[in-house]
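For reference, the structure is listed below as structure tokens.
The values are calculated or read from the model by the stated rules, or taken from the named source; none is laboratory data. Predicted model, so just to flag it, every value in this text is computed and none were measured. Here Cβ is always computed from backbone atoms with ideal geometry, including for glycine, and neighbour counts include all displayed protein chains.
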Amino acid sequence: MTLCTRKNRKGFAVFIAASVLVFASLNSTLTAQNAGRRPSFPQTTSESFDAAAVPAYSGSHSKAYAYIDANLAAHTANLQRWVRQRSISAQNDGVQQMAAMLRDDLKALGFKEAEVVPTTGHPGVWGYYDAGAAKTLAVYMMYDVQPVEPTGWNVSAFDGAIVDHPLGKVLMARGATNQKGPERAFLNAVEAIIKSGEGMPVNLMVLAEGEEELGSPHYPELIEKFKDRLKTASGVLFPMNGQGGDGSVGMTLGVKGIVYFELEARGNERGGPKTAEVHGSLKAITDSPAWRLTQALASLTSPDGNTIMVDGYYSPIRKPSQEEERLVNGMMSSWATREAMMRQGLGVDRWVDGLTGRDTIMRYLFDTTLNINGMWSGYTGPGVKTILPHIATAKIDSRLVPNQTPDEALRLIRAHLDKHGFSDIIIRKISGYPPAQTSVEAPLVRSMIGTYRKYGFTPSVAPRLAGSAPYYVFTDTLKLPLVAGGLGHGSGAHAPNEYMVIEPKSGSKVAGLADTEKFYVDMLFSLAAAR
């Protein structure tokens, strides 16, 4: 889940100024001194991972399937009920109520334990279903959602409307695909197994957080509370819509890490107004924090913004492993189509440096980033207000790859700013965590692939997602394999008109809600049988 923050309405004027500086302020000498520091990823093997070699799961669970078909209207209503409950973590809007709803739903399913768990931030939710089984599956969930844009929605974002769409009938709402829709679909599948008499094949531990969209700052508190019990699990599942709009299936075995922070320039003893904005005419004799910030930002990258100029920033990055290269090689047969769809969907004509093919995927998955999310300072409203602002701020994120860490990344940025005369620029860390990954050889991963194969799909398996999620608490802290996925398709996460397909159009390869739930049924039984 890609960490995003709200747009700041004051960002546009300063953004224009920063853009000018990013392209013009660094001289050619500095660029030459730092040239070639970006890591390269040459191909070292031609071997490919072939997901088709994993045997398809062959089990059948007719009682649960029939229950799903008979209760599809009620199961759709469950998804609608979840998305209608606001839970905007950034605004603390409906968070407590959504946590209570999740707890109550777990109780209704027969979870022996179900409770809202306080943290120093938003609460978590813990649930334990004792099936008396030999294996236990931990389930990661997030119940929070992003803020809603004031314009662009075809329906009200929290109405939970079922609407017509080129892909069929879809649930259109904030949280429809990220992640309330697939998570409640998973619980619908659990209900079908229990209430149909099929019998749960594994014990379940659910540990949900309400701060994923804030960078999961307090999720480690929840992990610590239940650490000893979680360690007894065979692995972790993150229910997620795994299909593209064309029906193709992609799996990711990990995520990049992230560090999210603010840079701020203020008037101080070196110059500039310290307590409030002043008249714009005073720029003749007064320093500007806004220009100071844009100069500092421009120093962090090459003039095109695509190479990080911070000494040592690329140094920790390790080369791809043989397993990772095999996975990338296995992705190449479908990458050209996926890449074209990405550019079309994003409205991007070309990638950085004209990248194509394998070079694109290697940079996308294995390189670090430094990205400005938003900037603001002074007046950006209608008409004219001639002022010199006393403060300027930028929100920045850096996606981290093995072996980068959030604290070391910030240390390097602090050292860079100090070295280049920007010691007065304030850095405020907001959130951060390291990357995480699971081996494709893990039985949990094989179970997921085998379940896809039962439904006629051979997934493209990527070593990681280019976005970020707090998987490290499972893979690093608890030493558990984690797999994210499922059938079903949705899109528009963090954007207007977010949706999840409920009933696909005729002839579509996209799974509707019924098949999405049946997939989760099979996946649970497949895991129980894995060796």
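For segment 492-505, filtering for residues that are modelled with pLDDT under 95 and out of contact with any Cys (no Cβ under 8 Å at 6 or more places or on another chain) leaves 3.
Here Gly271, Gly267, Gly280 are screened, and the one residue that is modelled with pLDDT of 95 or more, over 30 Å from Ser526 (Cα atoms) and either surrounded by fewer than 16 Cβ atoms within 10 Å (Cβ to Cβ) or of a type in the set (A, V, I, L, M) (or both) is Gly271. Only residues that are aliphatic (A, V, I, L, M) and within 19 Å of the chain's Cα centre (by Cα): list them for segment 224-251, please. Within segment 224-251, Val236, Leu237, Met240, Val249, Met251 meet the criteria. Against the criterion of being in contact with a Leu (Cβ under 9 Å, 6 or more places away or on another chain), at negative phi, among the hydrophobic types (A, V, I, L, M, F, W, C) and assigned by TED's automatic domain parsing to the domain that holds Gly121, Val445 qualifies. Taking residues in segment 375-389 that are assigned to a loop (DSSP other than H, G, I, E, B), and partners anywhere that are of a type in the set (A, V, I, L, M, F, W, C) and modelled with pLDDT of 95 or more, the pairs with Cβ atoms closer than 7 Å and at least 6 places apart or on different chains are Ser377/Ala290; Ser377/Ile391; Ser377/Ala392; Gly378/Ala290; Gly378/Ile387; Tyr379/Ile387; Pro389/Ala290.
Can you find even one residue in segment 345-366 that is among the basic types (Lys, Arg), modelled with pLDDT under 95 and under 21 Å from the mean Cα position of the chain (by Cα)? Scanning segment 345-366, I find no residue that is among the basic types (Lys, Arg), modelled with pLDDT under 95 and under 21 Å from the mean Cα position of the chain (by Cα), so the answer is no. Scanning segment 64-87 for residues that are out of contact with any helix residue (DSSP H, G or I) (no Cβ under 8 Å at 6 or more places or on another chain) and in contact (Cβ under 8 Å) with a residue 24 or more places away in the chain gives Ala66, Gln80, Arg84.
If you filter segment 485-531 down to residues that are assigned to a helix (DSSP H, G or I) and of a type in the set (Ser, Thr, Tyr), you find that the one that is surrounded by the fewest Cβ atoms within 10 Å (Cβ to Cβ) is Ser526. When Ala52, Ala90, Ala99 are checked against the criterion of being touching a Ser or Thr at 6+ places or on another chain (Cβ under 9 Å) and either hydroxyl-bearing (Ser, Thr, Tyr) or not assigned by TED's automatic domain parsing to the domain that holds Ile223 (or both), a single residue qualifies: Ala52.
Every condition in (1) at pLDDT 95 or above; (2) within 27 Å of Thr475 (Cβ to Cβ) is met by Leu79 except one, and the failing one is (2). For the criterion of being modelled with pLDDT of 95 or more, out of contact with any Phe, Trp or Tyr (no Cβ under 9 Å at 6 or more places or on another chain), within 30 Å of Ala511 (Cβ to Cβ) and not assigned by TED's automatic domain parsing to the domain that holds Lys419, Asn71 passes. Mind telling me which of the residues Thr386, Thr451, Thr405 ends up being surrounded by 22 or more Cβ atoms within 10 Å (Cβ to Cβ) and at pLDDT 95 or above? Step by step, each of Thr386, Thr451, Thr405 is checked, and only Thr451 is surrounded by 22 or more Cβ atoms within 10 Å (Cβ to Cβ) and at pLDDT 95 or above. When segment 163-189 is filtered for residues that are closer than 15 Å to Ser491 by Cα and either more than 19 Å from the chain's Cα centre (by Cα) or not assigned by TED's automatic domain parsing to the domain that holds Arg103 (or both), the ones remaining, listed by number, are Val163, Asp164, His165, Pro166, Leu167, Gly168, Lys169, Val170, Leu171, Met172. Please verify whether Gly215 is in the same structural domain as Leu482 (by TED's automatic domain parsing), at pLDDT below 95 and surrounded by 20 or more Cβ atoms within 10 Å (Cβ to Cβ), treating the condition exactly as stated. Yes. I'm trying to understand the selection: among the residues of segment 313-332, which are in a loop (DSSP other than H, G, I, E, B) and either modelled with pLDDT under 95 or more than 30 Å from Asn268 (Cβ to Cβ) (or both)? Scanning segment 313-332 gives Tyr314, Ser315, Pro316, Ile317, Arg318, Lys319, Pro320, Ser321.
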